[in-house]
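The values are calculated or read from the model by the stated rules, or taken from the named source; none is laboratory data. Everything numeric here is computed off the predicted structure, so don't read it as measured data. In this analysis, Cβ positions are derived from the backbone assuming ideal geometry, glycine residues included, and neighbour counts consider all displayed protein chains. SASA here: full protein model, heavy atoms, side chains in, ligands and nucleic acids out. Shrake-Rupley method; radii C 1.70, N 1.55, O 1.52, S 1.80 Å.
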Amino acid sequence: TPENDSPRLASFIVEGVGEAKNRQGLFVKNETIHFFGGNRSLEQHDFEPHHFTAQGLAFHIPSLSFSELNPYPAARQTMSTMVVGEKGYALGGFGHNGEAAVSQREGFIYDFETGEFSPALSFETSRTQFGLAEHEGALYVFGGLNYDPAREERAFDHVRTILRADGLDGKFEEID
């Protein structure tokens with residue numbers, strides 16, 4: 001109302017239809033949220049292979065309806081995502097390699113028109129749980145976790161470096 005300029009909050013609950021319970025990657029484009037991957041379990045550390053999913057779903061906000069999308073290229077969770085121009089970009093994450101759950105290095109571009117993923121700018125060393133930002137055409141990665149239980153006592157590598165790439169066609173380089 002004109003006499004009350006306070007922001008208004010509306011909330012609602014929509015019954016989820018996907019396999020994943022948490023840790024999906026997502027893109028918000030126009031009136032749709034695109035969900036990919038995730039973990040099927042609600043427990044904190046359920047990292048057996050069957051807990052990871054690659055399922056893709058779209059949630060159309062105006063109609064409150066879900067539809068199936070092509071799956072993510074790998075069963076994975078905790079990818080960092082962003083929309084870059086007219087494409088979605090997903091990077092890194094956490095998934096099972098056949099022997100153990102480990103952080104991942106691959107990047108993928110999502111084409112909103114075709115609904116397809118294709119390989120894109122990737123890390124040289126895997127990361128999950130990192131910050132991803134774009135500024136003036138450059139991509140920046142902040143910190144993260146490089147996890148591999150095969151390294152035993154050094155399984156957790158809490159990465160503190162900052163990486164930069166000149167757009168999606170560049171290569172990530174460490175900066176000071």
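Some notes on this structure:
- Computed across the range 43-116, the Kirkwood hydrodynamic radius from all distinct Cα-Cα pairs reaches 13.6 Å.
- A Förster radius of 25 Å combined with the Cβ-Cβ distance from S122 to D166 puts the calculated FRET efficiency at roughly 0.95.
- Nearest-0.05 FRET efficiency for D176 and K21, computed from C-beta distance (R0 35 Å): 0.30
- For the range 1-75, the carbon plus sulfur part of the accessible surface works out to 54%, probe radius 1.4 Å.
- Ordered from largest to smallest accessible area (heavy atoms of protein chains, 1.4 Å probe), the residues D176, D148 come out as D176, D148.
- Sparse packing (at most 11 other Cβ atoms within 10 Å of the Cβ) combined with a DSSP loop state is found for the following GluC sites (Glu not before Pro) in the range 22-80: E31, E43.
- Here is the P(r) of the range 96-176: all C-alpha pair distances, binned every 10 Å from 0, give 17, 44, 30, 9, 0 in whole percents.
- Which labelled figure in (i) 10.8; (ii) 13.3; (iii) 22.4 is mean projected area of the Cα convex hull in nm², once derived from the coordinates: (ii)
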